[in-house]
Amino acid sequence: MTTAWPYPHIVAHRGGGSLAPENTLAAIDVGARHGHKMIEFDAKLAQDGQIFLLHDDTLDRTSNGWGVAGELPWDKLVQLDAGNWYSPAYKGERLPLLSDVAERCRQHGLMANIEIKPTTGSDDETGRVVALAARLLWQGQTDPLLSSFSVEALAAAQRTVPELPRGLLLDEWDDSWRELTERLGCVSLHINHKALSAERVAALKGAGLRILVYTVNRPERARLLLDWGVDSICTDRIDLIGPDF
Ligand code: G3P
Ligand code: CA
């Protein structure tokens, strides 16, 4: 049986793809301005348990801070600039809290794919805390889709908030996909599009899984993947691969 899938074909990667500083409220605004209906973003824990958005373990690439982000409390993280690295036009942009992101999604009518991105060693706690917060913060909106490369984080989310949909992330093909997705009660597999073929898509669909692929930035590749039966495409080129693609 195929799982119900309320999510659109196109998902804006890290909020606004490559058109804005990733994982910021400004990026979410850019995604919405391009008409997108769903965004993906990366959530992790500060030292004091606050949930905020950041892709990397460290602050160095996408802020004016440095070092491991999860080792700092929120009152230090909130002071950092998360926009100037991308462009001076975004100077003053902050790392957002998950609660602010939920509110911005509500304002724009955006669905969410929350990637649980634990700092090394905090997989269980991050899965548990993010799932609990997601259930509370997204009340009255379409259920956010939780995903993670971390089996431990997904297992914690499953234990804590079993009703929220989960997707397992894989960067390469792994023959244990069936066992893992069954064990974790996943509705979807989120996979690097380079690992897919028409045959693999058919095998995943045959098992009742939905498929979300990342990160697809060429329209002709996106078209082929949709023709194979992929359900959703996560893209940085939110301008070329628009919401009505
Ligand atoms: O969730 C899809 C994609 O975002 C996973 O890879 O490294 O961009 O977080 P990454
Ligand atoms: Ca991500």
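The values are calculated or read from the model by the stated rules, or taken from the named source; none is laboratory data. Note that the structure is a prediction, hence the values are computed from the model and not measured. Positions of Cβ are backbone-derived with ideal geometry, glycine not excepted, and every protein chain shown enters the neighbour counts.
For this structure, a couple of remarks:
- Unmet criterion (only one of (1) part of a loop (DSSP other than H, G, I, E, B); (2) surrounded by fewer than 22 Cβ atoms within 10 Å (Cβ to Cβ); (3) within 16 Å of ligand 1 (Cβ to nearest atom)) for T2: (3)
- Answer residue from the range 169-187, given it is touching a strand residue (DSSP E or B) at 6+ places or on another chain (Cβ under 9 Å), more than 14 Å from ligand 2 (Cβ to nearest atom) and not in a loop (DSSP other than H, G, I, E, B) and is farthest from V230 (Cα to Cα) among those: L180
- All positions within the range 183-199 that are without any contact (Cβ under 8 Å) to a residue 40 or more places away in the chain, under 13 Å from R210 (Cα atoms) and surrounded by 14 or more Cβ atoms within 10 Å (Cβ to Cβ): C186, L189, I191
- Odd one out for L72 among (1) within 16 Å of ligand 1 (Cβ to nearest atom); (2) within 19 Å of T126 (Cα to Cα); (3) surrounded by fewer than 24 Cβ atoms within 10 Å (Cβ to Cβ): (1)
- Restricting the range 82-119 to residues that are within 16 Å of the chain's Cα centre (by Cα) and of a type in the set (G, A, S), the residue that is farthest from F52 (Cα to Cα): A112
- The sole residue among R166, R210 that is within 23 Å of P6 (Cβ to Cβ) and within 16 Å of ligand 2 (Cβ to nearest atom) is R166.
- Leading residue by the ranking (surrounded by the most Cβ atoms within 10 Å (Cβ to Cβ)) among those in the range 128-177 that are within 13 Å of ligand 1 (Cβ to nearest atom) and acidic (D, E): D171
- Where a residue in the range 120-135 is closer than 13 Å to F52 by Cα and of a type in the set (V, I, T) and its partner, wherever it lies, is in a helix (DSSP H, G or I) and modelled with pLDDT of 95 or more, with Cβ under 8 Å and at least six apart: T126/A153; T126/A156; V130/L98; V130/A153; V130/A157
- In the range 23-50, the residues that are touching a residue at least 60 places away in the same chain (Cβ under 8 Å), within 16 Å of ligand 2 (Cβ to nearest atom) and at negative phi: T24, I28, G31, H36, M38, I39, E40, F41, D42, A43, K44, L45
- Residues in the range 16-47 that are charged (D, E, K, R) and either touching a Phe, Trp or Tyr at 6+ places or on another chain (Cβ under 6 Å) or in a strand (DSSP E or B) (or both): 3 in all.
- Residues that are away from ligand 2 (no atom under 12 Å from the Cβ) and either assigned to a loop (DSSP other than H, G, I, E, B) or touching a Lys or Arg at 6+ places or on another chain (Cβ under 7 Å) (or both), drawn from the range 5-15: W5, P6, Y7, P8, H9
- Some residue of the range 219-232 being more than 16 Å from ligand 1 (Cβ to nearest atom), among the basic types (K, R) and within 21 Å of the chain's Cα centre (by Cα): no
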